[in-house]
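Worksheet for the structure shown next.
The values are calculated or read from the model by the stated rules, or taken from the named source; none is laboratory data. Remember, it's a predicted structure, so these values are computed and weren't measured experimentally. In case anyone asks, the SASA skips ligands and DNA or RNA and just uses the protein heavy atoms, side chains included. Shrake-Rupley method; radii C 1.70, N 1.55, O 1.52, S 1.80 Å.
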Amino acid sequence: MDPTETVPDYERFEREQIAQDRDRRRPDTVEIDEPRGREVVTSLLDEGVVEPIPEHEVLQHVPSGQCFDSDVALVYFHKGWEARGEE
């Protein structure tokens, strides 16, 4: 006998709803290319979330203190950092 057959319909429905809610809260993992990464970093610079450190040729994510030499890596890190704060 399949164990899911013994689960009442309302429990199965609740589990599906919880899974859908969890999926909606997950960060967007769409691929970010260099031009889009540069766009996002420019926005983060304007907001003061990122600061350039010219002598080391890196960008620092101010809230975390992490440094990056890649716009794309910085954007992915920031998305994860924001998602962590929402949990």
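Things to note:
- Those residues of the stretch 1-13 which are open to solvent by less than 100 Å² (accessible area, probe 1.4 Å) and either modelled with pLDDT of 75 or more or assigned to a loop (DSSP other than H, G, I, E, B) (or both), in sequence order: D2, V7, P8, E11, R12
- Of all residues in the stretch 19-51 being modelled with pLDDT of 80 or more and among the hydrophobic types (A, V, I, L, M, F, W, C), the one that is farthest from V62 (Cα to Cα): I32
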